[in-house]
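Accompanying notes for the structure given below.
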Amino acid sequence: MKTLHCQVLVVGTGPAGSSAAAAAAAKGLKVLLVERKAEVGVPVRCAEYIPALLLGELGLDHGFVVQPVEKMKTFVAGQEAKETQAPGYIIRRELFDQALAGQAVRAGADLLLSTRVLTLTGERVLLKGREGSLAEIEAEVIIGADGPHSTVGKWIQSVNRNLMPALQASVPLVARMDHTEVYFQSQIYGGYGWLFPKGETANVGLGMKQRRGDRSIRILLDQLVEHLAQSGKIRKDILGITAGWIPAEPLRNAVSGRVLLAGDAAGQTNAITGAGVAQAVLCGRMAGECAAKALQAGDLDLLQEYDTQWRDLFEETLQRAYERRQELERGWDTLEDTIRSCWIAFRDYYARP
């Protein structure tokens, strides 16, 4: 079994991992970026919306953008309750992830696909590659960006314990749309449904907490598709289905020794909206820069700066979202009243600390 060496091992080629790898490699470090999938970004597990401000942060060609959107319409119990400005872009997420991974490779990172991390022993990580081949990697710093069920997080006993399932269908649109729509309904407990236009098609999905006795998430998705078809917004032809998990509570620990977590692996996801791409890009970049700073200074204690930096930028927002989620779940039986203090479209969401 061969043994390789790198200064920074990054696990996962989502927005957090590729951003971390690009940032560390740009500082001249030897970076290895590993991904368990055979192709970066496939399958897509995302509603594929990014905020407009993020686009300028990326330094990438915009070939992954499908269309802009300007507004978000919020429906509660079948009635439109609010229209808000929400400028952003609907993207092809697989192309977005591939562009970020390409940016990391151009910065000097090495990329291994179809490669799983198995165990961490001392400074050595055991990898399993194509056809079961094994290799050991000696890594000075490890950045786990391997999603909500992070293997790296398990190594440092920092895991997401509050996760919501999400299910999404791709369907044809009857007519193009310039806005997103979200649907709060009593049967979608603790979550919401969405309609995000994507050119000639749309992503229709929902994320929710599941209670004993509730209808299955697939039944509820089929009902949402039926409702939107009857409303004349989509055609009831499901082109594909994807599923995933959404962290619904921030992690308490994203740094342990020489291991950092970023993105969904660190719970850096908004517990109310489920949005996490912007946080993943920015926190991944912070993690990579802090890794470079610590290694170049020969002082791994400097890795703690990452925890300070990402919390300074996002902790207040993420903590508010988590607290609003708790309120939303407690007040679900009076959803039409509760929603006004627990959803981002309404002023009351921001009115209290």
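Worth a mention:
- Using only alpha-carbon positions in region 2-351, the gyration tensor eigenvalues give semi-axes of 36, 21, 19 Å once each is multiplied by 5 and square-rooted (largest first).
- Sparse-neighbour loop sites [GluC sites (Glu not before Pro); region 7-56; at most 12 other C-beta within 10 Å; DSSP]: none
- Least to most buried among Ile234, Ile272, Ile241 (fewest other Cβ within 10 Å first): Ile241, Ile272, Ile234
- Fully extended contour minus Cα-Cα distance, from Thr121 to Glu39, at 0.36 nm per residue: 26.7 nm
- The gain in end-to-end length when the Thr3 to Glu336 segment is fully stretched comes to 114.0 nm, 0.36 nm per residue minus the alpha carbon separation.
- The distance between label points at Ser216 and Leu113 comes to 3.2 nm (points 7 Å beyond Cα on the Cα→Cβ vector).
- Region 2-351: antiparallel DSSP beta bridges as a percent of all, rounded to 5: 65
- Reachable lysines from Lys37, criterion Cα separation under 28 angstrom, eight or more residues apart if same chain: Lys2, Lys27, Lys128, Lys154, Lys198, Lys209
- The chain: DSSP helices with Cα axial extent of at least 24 Å and average Kyte-Doolittle hydropathy no lower than 0.0: 277-297
- Model label points for Ile241 and Ser186, set 7 angstrom from Cα along the Cα-to-Cβ axis, are 2.7 nm apart.
- Extension gain, Arg311 to Gln85: 0.36 nm times the residue separation minus the Cα-Cα distance gives 78.7 nm.
- The chain - mean residue ellipticity at 222 nm from DSSP helices (-39,500 (n - 2.57) per run, n ≥ 4, rounded to 500): -10000 deg cm²/dmol
Throughout, read-outs are computed from the coordinates displayed, never taken from laboratory work. Keep in mind the model is a prediction, meaning the values are calculated, not measured. Here the Cβ is made from the backbone with ideal geometry for all residues, glycine too, and neighbour counts use every protein chain on show.
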